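Step one of this worksheet: look at the structure below.
The values are calculated or read from the model by the stated rules, or taken from the named source; none is laboratory data. Not measured: the values here are computed from a predicted model. Note: ideal-geometry Cβ built from the backbone for every residue, glycine included; neighbour counts use all protein chains shown. Each accessible area value is taken on the protein alone, full model and side chains, heavy atoms only, with ligands, DNA and RNA left out. Shrake-Rupley method; radii C 1.70, N 1.55, O 1.52, S 1.80 Å.
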Amino acid sequence: MRRGERRKAILDLLVEQRTADLDDLATRFAVSRMTIHRDLDDLEQEGLLRKVRGGATIEAGTQFESDFQFRARQNGEAKDRMAAAALELIEPGMTVMVNDGSTAAILGALLPEKRPLTVITNNAAVLDRLKGEPGIKLMALGGVFSAKFNAFFGVVTEDALARLKADMAIISVPAVAGRQAFHMDEEVVRAKRAMMAAAVQSCLLVNHQRIGRSALHVLADLAQFSTVITDDDPAPEAQEALAREGIALRIARPG
């Protein structure tokens, strides 16, 4: 197996299992541990995985979020439920801001159900889905494109948002702890904050498995969101911490 094929196979395995053991990878691909080490080093440098003791993972860390292409293939049913719950908050005629993220991309595909709408987004997947859609006035936020997040960021994005106003901003995050929402990337945080500042109200989307975790940058206090949506009950200790802070969750349960 060629090096490029092996690295793609490693990433495919991580999408399925989320973590991979160094020795198991060496055995699976019939190469040395050092060869796997080099593969993982290169993939980590590209921002596609995070090395951990004895292997690698695509689970988020305080300074790492996995690539959009991998997140888009994970937790599909949970994302569908959260997107549907967020859609219930949107009424025809509204102006809605949609941030980067794979859950937000799923919501973007549902927005025509609420047409007519004005949709403002930096999410390339949402732009691709809604372009040319009747009844949707689509406003694309420019900026520097990030393949990792499949979205646009930077000064151009933030300046554009400072000149706009929306009824609602849909914001997703990879980490919530205590009464704060977190993200590991500074540019992404700035864009999300600019969206929140430009909207009358904001809705937060967070997978229940990410509640009780933190990341490098504080995005916002949970009290800044009119609604916090998750897909299932978080761990008891995380749920108790939110209850102590007076933060209510809207849980988009299965069924």
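The residue pairs whose first member lies in the stretch 85-97 and is within 21 Å of LEU127 (Cβ to Cβ) and assigned by the TED database to the domain that holds VAL119, whose second member is open to solvent by less than 40 Å² (accessible area, probe 1.4 Å) and in a loop (DSSP other than H, G, I, E, B), and whose beta carbons are closer than 8 Å, counting only pairs six or more residues apart or on different chains, are VAL96/ILE90; MET97/ALA198. The residue list ASP128, ASP185 contains one member that is acidic (Asp, Glu), in contact with a strand residue (DSSP E or B) (Cβ under 8 Å, 6 or more places away or on another chain) and assigned by the TED database to the domain that holds GLU237, which is ASP185.
Would you mention how many residues in the stretch 33-56 are free of Cβ contacts under 8 Å to residues at least 12 places away in the same chain, open to solvent by less than 60 Å² (accessible area, probe 1.4 Å) and within 18 Å of ARG2 (Cα to Cα)?
Just the residues of the stretch 33-56 that are free of Cβ contacts under 8 Å to residues at least 12 places away in the same chain, to begin with: 33-35, 38, 41, 45-46, 51, 53.
Remaining after also requiring open to solvent by less than 60 Å² (accessible area, probe 1.4 Å): 35, 51.
Now restrict to residues that are within 18 Å of ARG2 (Cα to Cα): 35.
Total meeting the criteria: 1.
Of everything in the stretch 207-228 that's among the aliphatic types (A, V, I, L, M) and over 16 Å from LEU89 (Cα atoms), which residue is most open to solvent (accessible area, probe 1.4 Å)? Among them, the one singled out is LEU216. The numbered conditions (1) modelled with pLDDT of 90 or more; (2) aliphatic (A, V, I, L, M); (3) open to solvent by 20 Å² or more (accessible area, probe 1.4 Å) are all true for ALA78 except (3).
Kindly evaluate VAL200 against the criterion of being touching an Asp or Glu at 6+ places or on another chain (Cβ under 8 Å), within 26 Å of ILE120 (Cα to Cα) and open to solvent by 70 Å² or more (accessible area, probe 1.4 Å). Before the answer, list the steps.
Details: touching an Asp or Glu at 6+ places or on another chain (Cβ under 8 Å): yes; within 26 Å of ILE120 (Cα to Cα): yes; open to solvent by 70 Å² or more (accessible area, probe 1.4 Å): yes.
Against the criterion (touching an Asp or Glu at 6+ places or on another chain (Cβ under 8 Å), within 26 Å of ILE120 (Cα to Cα) and open to solvent by 70 Å² or more (accessible area, probe 1.4 Å)), VAL200 qualifies.
Comparison of ILE120, ILE170, ILE106 shows that the only residue that is β-branched (Val, Ile, Thr) and either modelled with pLDDT under 95 or not assigned by the TED database to the domain that holds ASP80 (or both) is ILE106. Flag set for ALA252, criterion: touching a residue at least 60 places away in the same chain (Cβ under 8 Å), surrounded by 16 or more Cβ atoms within 10 Å (Cβ to Cβ) and in contact with a Lys or Arg (Cβ under 8 Å, 6 or more places away or on another chain). Of the numbered criteria (1) among the acidic types (Asp, Glu); (2) closer than 22 Å to ASN150 by Cα; (3) out of contact with any Gly (no Cβ under 7 Å at 6 or more places or on another chain), the one GLU240 fails is (2).
Taking the stretch 229-246, which residues are touching a helix residue (DSSP H, G or I) at 6+ places or on another chain (Cβ under 6 Å) and surrounded by 18 or more Cβ atoms within 10 Å (Cβ to Cβ)? Result: ILE229, THR230, ASP231, PRO234.
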